[in-house]
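The values are calculated or read from the model by the stated rules, or taken from the named source; none is laboratory data. In this text the structure is predicted, and so the values were computed from the model without any measurement. Reconstructed Cβ throughout: ideal geometry from the backbone, glycine too, with neighbour counts over all protein chains shown.
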Amino acid sequence: MIHNHPADADIQQFVLDNTVCEKHITAHIDSCEQCMAKAENYKLLFSEIEKQPKPVFDFDVSALVLPQLTVTEQARTRNYFPAYILSCCFLGVIGIAGYFYKVELNNFFKKYFLHISSGLSKTVLYMLLSAALLILIFQSIEMIKKYQRKIDDLNFY
Ligand SMILES: [Zn+2]
């Protein structure tokens, strides 16, 4: 019975639960010094593994994670600022350009728009134009905000 030692898996099975082992394997291990030594080694190994403490975090996980979540929230709100600054710059540039080129703008509107709305007074025309400009600006801001939100959704940090 010295030859054809059972496989290591069979010896491990014998150590863990010899009632499910095949009879000839049990008989072999019981009679074979080599396999018995192997079985003893496995028994020792398994008992040592069992003695090992269960892996647990020895630090407070939530205490570490929660501040980072708040930082993410802060970064999120901070991210909206460029959009607002951009909108304000856009508005400012239009305002300044309109102020410096008011004569050209006046001529431009006279040439291309006034003949269509000749029945309207200049004041009404300017009011309509500023209303249109305001709507355009608000729509641009809304668009930038929507874009920013989508970018934020993509960013998980
Ligand atoms: Zn053996």
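Scanning segment 18-71 for residues that are of a type in the set (Ser, Thr, Tyr) and surrounded by 13 or more Cβ atoms within 10 Å (Cβ to Cβ) gives Thr26, Tyr42.
Considering only residues that are β-branched (Val, Ile, Thr) and assigned to a helix (DSSP H, G or I), look in segment 1-16 and name the one that is farthest from the ligand (Cβ to nearest atom). If you could, list the steps in order and put the result at the bottom.
Narrowing segment 1-16 to residues β-branched (Val, Ile, Thr): 2, 11, 15.
From what is left, the residues that are assigned to a helix (DSSP H, G or I) are 11, 15.
Numbers: Ile11: 8, Val15: 14 Å.
So, considering only residues that are β-branched (Val, Ile, Thr) and assigned to a helix (DSSP H, G or I), the one farthest from the ligand (Cβ to nearest atom) is Val15.
Residue count for segment 17-31 under the criterion of being away from the ligand (no atom under 14 Å from the Cβ) and touching a Phe, Trp or Tyr at 6+ places or on another chain (Cβ under 7 Å): the result is 0. If you go through segment 31-65 and keep only what is assigned by TED's automatic domain parsing to the domain that holds Phe14 and of a type in the set (Phe, Trp, Tyr), you end up with Tyr42, Phe46.
How many residues, within segment 127-157, are surrounded by 10 or more Cβ atoms within 10 Å (Cβ to Cβ) and aromatic (Phe, Trp, Tyr)? Final tally of qualifying residues: 2.
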